[in-house]
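To start, the structure itself, in structure tokens.
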Amino acid sequence: MTRKLLLKPTVSPVDPGKIPEAVCVRLNNNIPVFLIEAGLEDLSRIEFTFGAGNAYEYLPLLASTTNFMLTEGTRNHTSSEINNALDFYGTLSHQYAENDRAGIVICVLNKHLDKILELAREILFFPVFPASELKTLIRKRLRKYLISREKVHNLALDKFYESIFGSHHPYGRQTLPDDFGKMIPLLLKDFHSGHYTPQNMAIIVSGKITEKLLKLLNNCFGEISPDDTYNEESCNVLESQKTKKVHIEKPGALQTAIRIGSPTIDKRHPDYPGLKVLNVLLGGYFGSRLMKNIREEKGLTYGIHSTVFSFNLSGYKVISTEVSKKSTQLAIDEIYKEIRLLQSVPVKKEEMEVVRNYMLGDMVRMFDGPFALAESFRLAWEFGLDNSYYYRLADKIKSIKADEIIALAQTYYNIDDLYEITAG
């Protein structure tokens, strides 16, 4: 009897490959529409996005409350009629209000595009902000807010944002219970009229693109007149606070939340791709150094992670975990120890290869299908970037050297510059 020789399968490097490009067309009133042809199903994902995020509000909650109220009644439809129509046509919708942008995403079968786009036009440009619906929304949000104040990780993160961005800027300004009662229909209408305008709008479409879709978009949105009074600039100023170590006392808390980090570069900066790699090494995935040390070896926490994030006006990096009170200082000391090691000891080839494969695999998921493609497109486009950003990121992941990691750690993780916020 002959034995067959089992051959080891070939292992190929992960690569995001060629990313489909978005094609830009403009409606009659100059609204840009970005088209990403992807997917075989007769389905479209349409995102209507505006420069109407928290950075543009002059009162806490104003941007998010305005956005959440868009579907609570228009000049021709009540909130129940809007919800019933979305359900009847099998449409998924999602509203969002982030630090820089706000909008609504709809996923709809192409055969129902005419009905849903007409409804979207009503929702986006002709909301009425009914007082009764606003009162219900505010009551729910206040209840959720009060519950969140009992959790140390929320207290620490809010204080962290306040410390690094300043208490007067929307990125860092904390919401207080009294802020909820200040939300009235007149304020929402004023914010809406100033920011939900054609010249402040973009449309991102992914899926199976048809000529009918473009005609419908033009019919529904291309004839809306721009408002000459719109002003895109935010007058808020970023200013980090001087105190770098803050503890928030929370009686009865079983754990202490730790947030360590600082403002940093945004994704427009040439060093940003390298900083992303450094972040993953430090605490950006399950096999990171912080996880191995503080979770696996010392058993101080169930989880610890680090994040590098980019806003339009700034970026930030933060290390987050929750530990017992008696372990708080030890965990903080070990975090600084891992940072110092990255600043002085070259990363070994084997560890670097694991990180490369993890990050490249994660990039593949970012472009897997029409929905993911659209989300990734916006995350670059809103910074004035295009797919070349992702190619630079992939190249940096593949090519970064140990000495670059050390230089980046020394430049962007100076321990004297880090804010240390604890709550518990």
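Quick note: the coordinates plus some simple rules give every number you see, no bench work behind them. Every value quoted in this text rests on a predicted model; they were computed, and no experiment measured them. Glycine gets a Cβ as well: all are built from the backbone with ideal geometry, and neighbour counts include every protein chain shown.
Which of Lys267/Lys317; Lys111/Lys212; Lys267/Lys396 have a Cα-Cα distance over 21 Å? Present the calculation step by step, with values, prior to reporting the outcome.
Numbers: Lys267/Lys317 12 Å; Lys111/Lys212 10 Å; Lys267/Lys396 13 Å.
Among Lys267/Lys317; Lys111/Lys212; Lys267/Lys396, the Cα-Cα distance tops 21 Å for no pair.
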What's the local net charge at Thr321, with K and R +1, D and E -1, over the other residues with C-beta under 15 Å away? +3
Summing -39500 (n - 2.57) over every DSSP H run of at least 4 in the chain, dividing by its residue total and rounding to the nearest 500, the 222 nm mean residue ellipticity is -12000 deg cm²/dmol
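How would you rank Met366, Met201, Met291, going from fewest to most other Cβ atoms within 10 Å of each one's own Cβ? List each step's numbers first, then the result.
Numbers: Met366 15, Met201 25, Met291 21.
The order, fewest Cβ neighbours first, is Met366, Met291, Met201.
In the stretch 334-424, which trypsin sites (Lys or Arg not before Pro) fall in coil by DSSP and have 15 or fewer other Cβ atoms within 10 Å?
On the way: sites: Lys337, Arg340, Lys348, Lys349, Arg356, Arg365, Arg378, Arg392, Lys396, Lys398, Lys401; in loops: Lys348, Lys401.
Of the trypsin sites (Lys or Arg not before Pro), the ones in loops of the stretch 334-424 whose Cβ has at most 15 other Cβ atoms within 10 Å are Lys348, Lys401.
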Reciprocal of mean inverse Cα separation for the stretch 245-423 (Kirkwood radius, Å): 17.2
Taking a ≥ b ≥ c as the square roots of the eigenvalues of the Cα gyration tensor of the chain, is the shape rounded (a/c under 1.5), prolate (a/b larger than b/c) or oblate? oblate
Output wanted: per-residue J couplings in Hz (rounded whole) for the stretch 276-287, from phi through Karplus 6.51 cos²θ - 1.76 cosθ + 1.60, θ = phi - 60°, x for Gly and Pro. 5, 5, 4, 4, 5, 4, 6, x, x, 7, 5, x
